[in-house]
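First comes the structure, then the notes that go with it.
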Number of protein chains: 2
Amino acid sequence: MVSVTFKVGGTEVLLHASEGDNLLAAAQRANVAIDAPCSGNGACGKCKVKLVSGELDSPRTRHISDEEYAAGWRLSCVSRLVSDVTVEVPDIASAYRSRMKVADISSEKELAIFNQTKAEIVEAGIGFGTNLSAVTVAMDAPSADDTMPDNERLAWKLKELTGAQKIVLCFVALKKLARVLRESDFTVRCVIETEDERVTVLDVLPASDPAPIAGLVVDLGTTSVAAILVNLENGSILAKASTGNGQIRYGADVINRIIESGREGGSERLQRAVIDESLRPLIQEMCASAKLNPRQVYRMCLAGNTTMNHLLLGLDAEPVRMDPYIPSFFHADDIRASSLHLGLHPEAKLILAPNIGSYVGGDITAGAFASMLWNREELSLFIDLGTNGELVFGNNEFMMSCACSAGPAFEGGDISCGMRATDGAIDSCTIDRETMEPSFTTIGNTEHPVGICGSGIIDVIAELFRAGIINGKGKFSREGRRIRRDEHGMGSYVLAFKEDSGAVRDVEINEVDIDNFIRAKGAIFSATMTMLGSMGMDPSVLGHVYVAGGIGSGINMQNAVTIGMLPDIDPALFSYIGNSSLSGAYAMLTSSAAREKVDELARGMTYLELSTEPGYMDAFVAACFLPHTDANLFPSVGTAIS
Amino acid sequence: MVSVTFKVGGTEVLLHASEGDNLLAAAQRANVAIDAPCSGNGACGKCKVKLVSGELDSPRTRHISDEEYAAGWRLSCVSRLVSDVTVEVPDIASAYRSRMKVADISSEKELAIFNQTKAEIVEAGIGFGTNLSAVTVAMDAPSADDTMPDNERLAWKLKELTGAQKIVLCFVALKKLARVLRESDFTVRCVIETEDERVTVLDVLPASDPAPIAGLVVDLGTTSVAAILVNLENGSILAKASTGNGQIRYGADVINRIIESGREGGSERLQRAVIDESLRPLIQEMCASAKLNPRQVYRMCLAGNTTMNHLLLGLDAEPVRMDPYIPSFFHADDIRASSLHLGLHPEAKLILAPNIGSYVGGDITAGAFASMLWNREELSLFIDLGTNGELVFGNNEFMMSCACSAGPAFEGGDISCGMRATDGAIDSCTIDRETMEPSFTTIGNTEHPVGICGSGIIDVIAELFRAGIINGKGKFSREGRRIRRDEHGMGSYVLAFKEDSGAVRDVEINEVDIDNFIRAKGAIFSATMTMLGSMGMDPSVLGHVYVAGGIGSGINMQNAVTIGMLPDIDPALFSYIGNSSLSGAYAMLTSSAAREKVDELARGMTYLELSTEPGYMDAFVAACFLPHTDANLFPSVGTAIS
């Protein structure tokens, strides 16, 4: 036995392990959070720890420079325990929260897109309003001649006010009833749910309580989580927040997460990670800013992919990834917040946007709803650029969906200087074809760039390609002041030298980054072609393409075509529609009609399983090139590249 | 500040308190359990602790002998802190469990009474059976051509089997669904609740799981708790158990408990005491003996008085005792086991026998049902001899109820050698009028008597009175070998000398015990007379008197008349019907028809509030005499006393 001491932030965790044990596995056993998006297979280089004392059997890898190795840095997933050691672990919990900060609906532009979606939903005849409401009830105080018990006194009056046949007081409301009635002279505000002839009283508040009846909307992504707090009485936004998905340290994509969940205690660990590290902090942050008690949040709607939904609920997700790919549920309709320890009102109903396949989930059904594709005659394509890339093709007569694994590149993950579309991110860029000097904009017009978000990466790659700095394979083919080569000859392009810009680090993009991005865009493009092809169609049929996701509203559609990510059609046919999962979930929370519509769309939507679709893998390989191995698919790109 | 160290069992609890603080209050703050049935007013003498080091400002009281005082024993409720102290606290938790062990349905005689009640219920046309059942569901395993998600697969088949329109899978069932389906080849046993067209799946078990679908019945008394575990599929009893109510250290009667619940954190303390110390241990004990996982207990029915119901649920009980005496509820129908942390299936429904007034609760509605009074033409009286004495008078046309505070004497509480009707208890006794020598029987025919249960106390007092050893005031008026006098002249009668019987202590009864019992019987008799009087009737109208409660099946009705507890009518008209709350709650658990009948009876039952009824106090004072200050009410007693 050897002992391992992990130093994380201000705390130390001591663990006894066997000689030869893997360090990352040991850390996970001790519930010490080490970032391991590739689930510990040595690929991503994120699980670095610093050896403080003792020895580790740990090879140098390409992820660790000589200086770093000398300073004690080791990759934990390839380190084996050989003696007592003390290691320092970077505090990733707080790192995530800043790195993964999402801008959704925070900027004017995003808010405008959100309001546009709202307006279109109303135009389509989907009315707002749900079966949840607040009603003020004034009762006579009891007396010696009127000794009706409190709950009957309330029920009697509520029947009169609502016409309901049956009133059910939920336990938490019963528990506080005597006190609230007497403190507010028997005039109270009840939060009620109405179903047929039955009214359920969720809460009893003093009539003078000014707090709004609130609801929560969550877009639970594989990489990041965005949420808004809503006033259910008028639909207004009370607060917005976003963070990283705390599960990321167990794997960057859904497959690695499912593998982790299948290990001893894994479901529980993944559930706790997303609830304790992502959802509850988001809820607390938003409620604090809105000055609201989280127990006065009475309903929640969440859009996530099928795997995220399973892991959130603590369900066994293994069957989702194993042939024949069977989830536990598409719809789940009896989940209350108390089951998940979210800190909301215990009886708050959790509405999950419905899944329609193992890899097409509630994020896409909510998103497809928000795209309004189902309300138009023209054939359109909806693309959600997430870690799971998801596509819906159709119109008001049919809808077909598919999903592909794009990885986190669109959200800045797997990119050395990548970041989400938030302040300090380079979100657009041009490069002079002669001098190779860049000019770029940053979100928030910050003085110094911090990194590059998805839309910026598209621009940089498109511009590097146009300028002939990189070739179709994404390899550097020119040299210059901004081109660097490492000891293995791997090229990189420096967008901003820290000396010039005063930034904390050089902002650059290297061949590995470009390769990761090419695979991401290749997955999206090949999925598009395979889905259209399955119906004997090609991109020329498209009346519109709606692009959604955390890539940022700065996305340059022409550049996305240039790199071969989007099909080569008229640029005017593309629209960026923001975080459509979030706006779709918002609609489901605030409108029963929207919820019914989403359920109807989900039931009617067909699902194309790409992994078993002949030709998909070939299409993917062919698409991993700039813009594509078949240049005929991108006639406009040949022209654009001078 | 002074520090107090409490030594309880093997553990020590350290508390800092102010000089002058009351020791009992300090113990309660530190959640140290000291027995204080009188709620700390110096009356009962139960809160003794032993001073190990330091000083206490603590007077000698009549409850502590010179030897005890010298050995360090102090009454904690009259002790004030003046220095750092260490005190030893008797471990009352385990003391309760043995002292309060209840024999209900354990003896042949009790079981026969229980089965008789069951038979009478069926005879009255109340069928057994509820909306909870188990159904075996065999599904096809999923395949590439049949990719329906698990929950839809199950729901589809269940609709076919049950004809239900809507299937709701509760969250805990959804959570285990994938695993159970795959481990049992898609053939499972579902525990379902059917309501109208809707079926709720509470649990999904492997088809091979042999465990019964179980339910729990609880009689939650102020002093003691009895429970049975039932196989819901055939009504058979799987296990039985009983214990003391853990709340007793906060007060012996409902008033003292309510006062305690009104203190800071009091509701929570009282709720935890009854759940953590009484209900959960009972459940664990019974499930262990039945080899059943407590999470496979799917429904629970509890009969308790109005205050016990409120304190169990953690509700504010203050309005129950304050004019105009308003409870939070009579009926409560949306409580699941998870809200109370009982360890049962989280969605197990908690059925509470309905209350009908502040002091007439579910114990009496369940009990009145089990008495079958409502099914007979003759006018009858039902008396539940509990800490709260409760009475119902009526027939198949009307029912009227009232309640009085009898204290715990009937269950052996407030009696120095008192105990519940269980092994070792003297349950019947005669005393030679000349020699004053007793002869008695013990429950279980144990070699040595351990104490006296309620029926034994009735016999002893009746016999002492008949023999002229005590007078009508309960004071000793003869002397002899078995009569003792303490330093204050207080008399006592020794039933068994420890030297003679080899018992661990003398078993005796003293004037304080007799006085406590006289007040208890006086409360019952005066309630009887006041209720009958309110309708212009007297005991001559009674066709039958049903006596229920933990007093024991050995009750000698003639002796109960002799001491003036029951009205002086033909002894053949009295029946002991056992723990009627428990048998009534059993019927409610196992029969929807019984549950509806109890609700109907409760709605129709009128409630006479004795505390505001003119003449009740006078009647009570007049009844605190043997047999009564008005000897004309007991013509047979004059004859019986030679």
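The values are calculated or read from the model by the stated rules, or taken from the named source; none is laboratory data. Small disclaimer: the values here were computed from a predicted structure and weren't measured. As a convention, Cβ positions derive from the backbone with ideal geometry for all residues, glycine included, and neighbour counts pool all protein chains shown. Surface accessibility is based on the protein's heavy atoms, side chains included, excluding ligands, DNA and RNA. Shrake-Rupley method; radii C 1.70, N 1.55, O 1.52, S 1.80 Å.
Mind listing whichever residues of segment A:555-593 are surrounded by fewer than 24 Cβ atoms within 10 Å (Cβ to Cβ) and hydroxyl-bearing (Ser, Thr, Tyr)? A:Ser575, A:Tyr576, A:Ser591, A:Ser592 - these are the residues of segment A:555-593 that are surrounded by fewer than 24 Cβ atoms within 10 Å (Cβ to Cβ) and hydroxyl-bearing (Ser, Thr, Tyr). The selection criterion, being under 15 Å from A:Leu385 (Cβ atoms) and in contact (Cβ under 8 Å) with a residue 60 or more places away in the chain, holds for A:Gly413. So is A:Leu379 of a type in the set (A, V, I, L, M), within 30 Å of A:Leu566 (Cβ to Cβ) and surrounded by fewer than 24 Cβ atoms within 10 Å (Cβ to Cβ) or not? Yes: the conditions hold for A:Leu379. When segment B:151-177 is examined, which residues are found to be buried (at least 18 other Cβ atoms within 10 Å of the Cβ) and of a type in the set (Gly, Ala, Ser)? Within segment B:151-177, B:Ala155, B:Ala164, B:Ala173 meet the criteria. Residues in segment A:63-77 that are open to solvent by 40 Å² or more (accessible area, probe 1.4 Å) and either under 19 Å from A:Met1 (Cα atoms) or among the acidic types (Asp, Glu) (or both): A:Asp66, A:Glu67, A:Glu68.
Before we move on, is A:Leu391 over 30 Å from A:Thr194 (Cβ atoms), crowded, with 24+ Cβ neighbours inside 10 Å and among the aliphatic types (A, V, I, L, M)? Against the criterion (over 30 Å from A:Thr194 (Cβ atoms), crowded, with 24+ Cβ neighbours inside 10 Å and among the aliphatic types (A, V, I, L, M)), A:Leu391 qualifies. The residue that is nearest to the other protein chains (Cβ to nearest Cβ), among those in segment B:349-379 that are more than 19 Å from B:Met308 (Cβ to Cβ) and among the hydrophobic types (A, V, I, L, M, F, W, C), is B:Trp374.
Looking only at segment B:606-629, residues that are away from every other protein chain (no Cβ under 14 Å) and either touching a Ser or Thr at 6+ places or on another chain (Cβ under 6 Å) or open to solvent by less than 50 Å² (accessible area, probe 1.4 Å) (or both) come to 11 in all. Here is the figure for segment A:174-208: residues that are within 40 Å of the chain's Cα centre (by Cα) and not in a helix (DSSP H, G or I) total 21. Annotation note: of A:Leu302, A:Leu292, A:Leu282, A:Leu312, the sole residue that is among the aliphatic types (A, V, I, L, M), closer than 21 Å to A:Asp333 by Cα and either part of a helix (DSSP H, G or I) or open to solvent by 10 Å² or more (accessible area, probe 1.4 Å) (or both) is A:Leu312. The set of residues in segment B:174-198 that are facing chain A (nearest Cβ under 8 Å) and either touching a Pro at 6+ places or on another chain (Cβ under 6 Å) or touching a residue at least 60 places away in the same chain (Cβ under 8 Å) (or both) contains only B:Ala178.
The lone criterion from (1) within 30 Å of B:Glu233 (Cβ to Cβ); (2) in contact (Cβ under 8 Å) with a residue 24 or more places away in the chain; (3) surrounded by fewer than 23 Cβ atoms within 10 Å (Cβ to Cβ) left unmet by B:Glu596 is number (2). Selection within segment A:561-579: residues that are in a loop (DSSP other than H, G, I, E, B) and among the hydrophobic types (A, V, I, L, M, F, W, C). The member of this set that is nearest to A:Ala631 (Cα to Cα) is A:Ile563.
Does B:Glu277 satisfy the criteria of being part of a helix (DSSP H, G or I), open to solvent by 30 Å² or more (accessible area, probe 1.4 Å), in contact (Cβ under 8 Å) with a residue 40 or more places away in the chain and within 14 Å of chain A (Cβ to nearest Cβ)? Answer is no for this residue. Within segment A:121-143, the residues that satisfy the criterion of being away from chain B (no Cβ under 14 Å) and within 17 Å of A:Trp156 (Cα to Cα) are A:Ala134, A:Val135, A:Thr136, A:Val137, A:Ala138.
Looking at A:Met139, A:Met148, just one residue is open to solvent by 60 Å² or more (accessible area, probe 1.4 Å) and not β-branched (Val, Ile, Thr), and that residue is A:Met148. Across segment A:144-173, which residue is farthest from the other protein chains (Cβ to nearest Cβ) among those that are part of a loop (DSSP other than H, G, I, E, B) and without any contact (Cβ under 8 Å) to a residue 60 or more places away in the chain? Within segment A:144-173, the match that is farthest from the other protein chains (Cβ to nearest Cβ) is A:Gly163. For segment B:213-227, check the following and say yes or no: at least one residue is hydroxyl-bearing (Ser, Thr, Tyr), more than 24 Å from the chain's Cα centre (by Cα) and more than 14 Å from every other protein chain (Cβ to nearest Cβ). For segment B:213-227, residues hydroxyl-bearing (Ser, Thr, Tyr), more than 24 Å from the chain's Cα centre (by Cα) and more than 14 Å from every other protein chain (Cβ to nearest Cβ): absent. In segment B:418-438, the qualifying residues are those that are hydrophobic (A, V, I, L, M, F, W, C) and buried (at least 24 other Cβ atoms within 10 Å of the Cβ), and the one that is nearest to B:Tyr576 (Cα to Cα) is B:Ala421. Among the numbered conditions (1) small (Gly, Ala, Ser); (2) without any contact (Cβ under 8 Å) to a residue 40 or more places away in the chain; (3) open to solvent by less than 40 Å² (accessible area, probe 1.4 Å), the only one that A:Ala252 does not meet is (2).
When B:Ser106, B:Ser39 are checked against the criterion of being open to solvent by 20 Å² or more (accessible area, probe 1.4 Å), at pLDDT below 90, closer than 29 Å to B:Gly550 by Cα and touching a Lys or Arg at 6+ places or on another chain (Cβ under 7 Å), a single residue qualifies: B:Ser106.
Would you confirm, using the coordinates I've provided, whether B:Ser261 is within 14 Å of chain A (Cβ to nearest Cβ) and either buried (at least 23 other Cβ atoms within 10 Å of the Cβ) or within 16 Å of the chain's Cα centre (by Cα) (or both)?
yes
The set of residues from segment A:209-221 being open to solvent by 10 Å² or more (accessible area, probe 1.4 Å) and either closer than 24 Å to A:Val360 by Cβ or assigned to a strand (DSSP E or B) (or both) comprises A:Asp219, A:Gly221.
When segment B:338-360 is filtered for residues that are open to solvent by less than 10 Å² (accessible area, probe 1.4 Å) and hydroxyl-bearing (Ser, Thr, Tyr), only B:Ser358 remains.
The set of residues in segment A:318-337 that are farther than 20 Å from A:Pro281 by Cβ, more than 8 Å from every other protein chain (Cβ to nearest Cβ) and open to solvent by less than 10 Å² (accessible area, probe 1.4 Å) contains only A:Val320.
Of all residues in segment B:583-616, those satisfying the criterion of being part of a helix (DSSP H, G or I) and of a type in the set (Phe, Trp, Tyr) are B:Tyr586, B:Tyr616.
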